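Structure, as structure tokens:
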Amino acid sequence: MINADSSSIPFNKAALAGAEFDYILRAIGDGHVSGDGFFSHECSHLLEKVLCLHKALLTTSCTHALEMAALLLDIQPGDEVIVPSFTFVSTVNAFVLRGATPVFCDIRTDTLNLDERLVEKLITSRTKAIVVVHYAGVACEMDAILILAKKHSLFVVEDNAHGLFGKYKGRYLGTFGQLATQSFHETKNFTCGEGGALLINEPQYIERAEIIREKGTNRSRFFKGQVDKYSWVDVGSSYLPSDILAAFLFAQLEKRESIQAARRAIWEYYHAHLHTWASENRVRLPCVPLHCEQSWHMFYLMMPDLNARQALITHLKNRGVMSVFHYLPLHLSEMGQRFGGRPGDCPVTEHVSDRLLRLPFYNSLTEDQLSFIVESVTSFCCK
């Protein structure tokens, strides 16, 4: 049994799935360790086959995949993009870099996703896109969002950093919008340390996406034998990850079923063993609607207030358990206020941000560690 004097339980810890080192050595042995090598293509093909995509392009990060999305949708200065305030800054930055104005939308109290009921009143003649974030790998209400997007001729981009292999009404997340993005950062279910992917659901974006990803050149067409030389034909940047990273990632994606099973067991252990304590201490556990199949990305506690949240973080830290809060409201950040964000604009976001606490969650958490974490949590009483 773990005790408070043993090594700390980190919030996150990268774990091997099996063949990572073998594949890295193979990539080096093949002599192609830059972008779009054998393992890059294997990762892309796996994602395309499993998710039924037109195209998946690996990128150096989810941030870069979002930047590619903004370029592909021709986001221009003066355009408006509706985004949740409760998200990571990359979701917004990608569009701000193109000159767009973020229009912050509040979130639902249950799933903490973009509140689809609030979106239409934010739409103006300048609105170009709706960006959804599937928080904790639980789907946004995509039916309602897609109806609004069609009604107002808007693009939909899914920031699916949390949600790979999660589903909404039986359909994989990342397959609803024109474009979607994935993260393979070390905190995600499947990782290569730093990495991402752009998922393309409409084929008219594929050729330009390949150009943008290759520094604005038609190099991809050259290697396909479609042109006899390649040159600069569009804007772009260097968004290709090394094939060494792709080799690591492919080993993880190959083991997706066992990884997801392990994470599901961790999530369900937390839920089963914290349910009674939560009820007695006015703490809410994560909400997963019946029509959503989550990705088992995280487990959080919604504490009664900020003081209780901070006190529990300290209590757990004193016992060697690292827990963290999550997003700060973007509309109240220094940059958010430059775009007109003010206190009270997104009241649910502001309330949730002060109360949410994330428990350790990674693939190699043992039952002894989980037992100690749960015992540490349940020894805390909200006053």
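The values are calculated or read from the model by the stated rules, or taken from the named source; none is laboratory data. It should be emphasised that the depicted structure is a prediction, and the values quoted were computed from it without experimental measurement. Neighbour counts run over all protein chains shown; Cβ positions are idealised from the backbone, glycine included.
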Open item on the list: Please count how many residues of region 217-242 are of a type in the set (Ser, Thr, Tyr), part of a loop (DSSP other than H, G, I, E, B) and surrounded by fewer than 18 Cβ atoms within 10 Å (Cβ to Cβ).
Closed with: 3
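Yes/no matrix, rows are residues, columns are (1) touching a Ser or Thr at 6+ places or on another chain (Cβ under 7 Å); (2) polar (S, T, N, Q):
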residue: Ser8; (1), (2): no, yes
residue: Ser34; (1), (2): yes, yes
residue: Cys43; (1), (2): no, no
residue: Leu73; (1), (2): no, no
residue: Gln76; (1), (2): no, yes
- [ ] Please work out which one of (1) touching a Leu at 6+ places or on another chain (Cβ under 8 Å); (2) over 17 Å from Ala246 (Cα atoms); (3) crowded, with 23+ Cβ neighbours inside 10 Å is the condition Gln182 fails and give its number.
- [x] (2)
Open item on the list: I'm checking my understanding of the structure. Among residues of region 63-76 that are in contact with a Lys or Arg (Cβ under 9 Å, 6 or more places away or on another chain) and not acidic (Asp, Glu), which one is surrounded by the fewest Cβ atoms within 10 Å (Cβ to Cβ)?
Closed with: Gln76
Task: Flag for Leu356 being surrounded by fewer than 17 Cβ atoms within 10 Å (Cβ to Cβ), in the same structural domain as Leu285 (by TED's automatic domain parsing) and closer than 19 Å to Leu114 by Cβ - done: no
TODO: Read through the list (1) assigned by TED's automatic domain parsing to the domain that holds Leu240; (2) touching a residue at least 60 places away in the same chain (Cβ under 8 Å), then give the number of the only condition that Glu48 fails.
DONE: (2)
Task: Residues within region 330-346 that are under 20 Å from Arg108 (Cα atoms) and surrounded by fewer than 17 Cβ atoms within 10 Å (Cβ to Cβ), tallied - done: 3
Open item on the list: Is it the case, given these coordinates, that Leu306 is within 24 Å of the chain's Cα centre (by Cα) and either in contact (Cβ under 8 Å) with a residue 40 or more places away in the chain or surrounded by fewer than 18 Cβ atoms within 10 Å (Cβ to Cβ) (or both)?
Closed with: no
Task: Residue among Ala180, Ala161 that is within 14 Å of the chain's Cα centre (by Cα) and either in a strand (DSSP E or B) or of a type in the set (Ser, Thr, Tyr) (or both) - done: Ala180
- [ ] Return the pairs, sorted by first residue and then second, in which the second residue is surrounded by 24 or more Cβ atoms within 10 Å (Cβ to Cβ), the first residue lies in region 158-171 and is polar (S, T, N, Q), the beta carbons are less than 7 Å apart, and the residues are 6+ apart or on different chains.
- [x] Asn160/His134; Asn160/Leu173; Asn160/Gly174; Asn160/Ala180; Asn160/Thr181; Asn160/Gln182
Open item on the list: Give me the residue from region 359-376 that is among the aliphatic types (A, V, I, L, M) and farther than 15 Å from Phe325 by Cα and, out of that set, surrounded by the most Cβ atoms within 10 Å (Cβ to Cβ).
Closed with: Ile373
Task: Hits in region 239-277 (condition: of a type in the set (S, T, N, Q) and touching a residue at least 40 places away in the same chain (Cβ under 8 Å)) - done: Ser242, Gln252, Ser258, Gln260
Task: Subset of region 250-279 that is of a type in the set (Phe, Trp, Tyr) and under 19 Å from the mean Cα position of the chain (by Cα) - its residue that is farthest from Arg26 (Cα to Cα) - done: Trp267
Open item on the list: If I filter region 137-151 for residues that are in a strand (DSSP E or B) and either within 21 Å of Tyr239 (Cβ to Cβ) or in contact (Cβ under 8 Å) with a residue 12 or more places away in the chain (or both), do I get at least one hit?
Closed with: no
- [ ] Quickly run through region 190-218 and pick out the residues that are of a type in the set (Gly, Ala, Ser) and under 18 Å from Ser34 (Cβ atoms).
- [x] Gly193, Gly195, Gly196, Ala197, Gly216
TODO: For region 352-383, enumerate the residues that are touching a strand residue (DSSP E or B) at 6+ places or on another chain (Cβ under 6 Å) and of a type in the set (A, V, I, L, M).
DONE: Leu356, Leu357, Ile373
TODO: Kindly establish whether Leu53 is under 20 Å from the mean Cα position of the chain (by Cα), under 22 Å from Gln260 (Cβ atoms) and of a type outside the set (Ser, Thr, Tyr).
DONE: yes
Task: From Leu148, Leu118, Leu73, residue being in contact with a helix residue (DSSP H, G or I) (Cβ under 7 Å, 6 or more places away or on another chain), on the phi < 0 side of the Ramachandran plot and not assigned by TED's automatic domain parsing to the domain that holds Tyr300 - done: Leu148
Open item on the list: On the basis of being in contact (Cβ under 8 Å) with a residue 60 or more places away in the chain, in contact with a Gly (Cβ under 9 Å, 6 or more places away or on another chain), closer than 21 Å to Val138 by Cα and not acidic (Asp, Glu), does Cys292 make the cut?
Closed with: yes
